[in-house]
Amino acid sequence: MTIENERDLKGLMTIGRICAETMYYMAQHLKPGITTRELDEIGAAYLKKKRARSAPILAYKFPGHTCISVNDEAAHGIPGDRVIQAGDLVNIDVSAEKDGYWGDTGRSFAVPPVSDKAQKLLAATEQALEIAIDAARAGVPINAIGKAVEEHARQHGLEVIRELGGHGIGRGIHEKPSVPHYYNRHARQPLKDGMVITLEPFLSYGDRHIKTMPDGWTLKTKRGGLVAQFEHSIVVTPHRPILLTAV
């Protein structure tokens, strides 16, 4: 969507903050021994408290209130009986709706002790999100974002997952346009002032592609490489974007 008035901005900032608060609240409970289902239930309770509805359930009937993906799981991990272990990388992705507005955020968290390799992946991916944010300006072609992120990834010996990227958001969870985080020469549509999108680079050691698991939801790297993701929903402006999912 494109913001049309102050009401739109206020509504998006409200749901964006709820999504971010939910994610960080879940992260506070992230420790060895907790199951991904228990973690999801913590997120569900927080969303309910804030009178927000889970976007994955609302839009897709996803079997969980949030997506929790571990290690080589890039996205859409189903909460269940999996027990979190020391050393895991856990991605918590929270998207929700309130009063007709939708928000989406996520990030990967390390469960100590974590290897230097995993820590480097997390740091580089978080930096990739900042680079994407810096590149997102009104009038700039969408592929400028992917070009900047891909160059950064290669400098760190990492790959960008091709099938996963940003997207429009606001009146629904997934709207146009698609925002690839690798250089795609066809993605020449200019970003517009007031456009609402997500930026969410997925970086991995050695993997560019993902595969869908038999559960029909979970997306894993094809060669089993560790993967990390950091995500904000933003409003495009002529200058630095407005971060909707900051706390």
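Where a number appears in this text, it was derived from the coordinates with a stated rule and is not lab data. Bear in mind that the values here come from a model prediction, so they are computed numbers and not experimental data. All Cβ positions, glycine included, derive from the backbone under ideal geometry; neighbour counts span all protein chains shown.
Over all other residues within a Cβ to Cβ distance under 15 Å of residue 166, the charged ones net out to -3, with Lys and Arg as +1 and Asp and Glu as -1.
Along its principal axes, segment 1-147 has C-alpha extents of 46, 37, 23 angstrom, given from the largest down. In a fully extended conformation the segment linking residue 58 and residue 134 would gain 24.2 nm over its present Cα-Cα distance, using 0.36 nm per residue. For the cross-link pairs 120/147; 61/211; 31/98; 10/48; 120/220; 120/192, the ones whose C-alpha atoms lie over 24 Å apart are 31/98; 120/192. What's the local net charge at residue 220, with K and R +1, D and E -1, over the other residues with C-beta under 12 Å away? Overall, the nearby charge balance is -2. Taking the chain as a Gaussian network of alpha-carbon nodes connected by springs under 10 Å, the highest mean-square fluctuation of the residues 114, 236, 160 belongs to 114.
So the label point goes 7 Å from the Cα of residue 213 along Cα→C-beta, right? Which residues of segment 26-56 then have their backbone N under 20 Å from it? Label zone hits: 27, 30-44, 56.
With the simple spin-label model, which puts each label point 7 Å out from Cα in the Cβ direction, the residue 2 to residue 117 separation comes to 4.7 nm.
Panel note: the C-alpha atoms of segment 107-239, placed on their principal axes, show extents of 42, 33, 27 Å (largest first). If you run the Gaussian network model on the chain, springs between alpha carbon atoms under 10 Å, then out of 37, 17, 185 the most flexible one is 185.
Of all the options 201, 63, 79, the one that moves most in a Gaussian network model of the chain with Cα springs shorter than 10 angstrom is 63. Largest first, the three principal axis extents of the alpha carbons in segment 6-243 are 48, 42, 30 Å in whole numbers.
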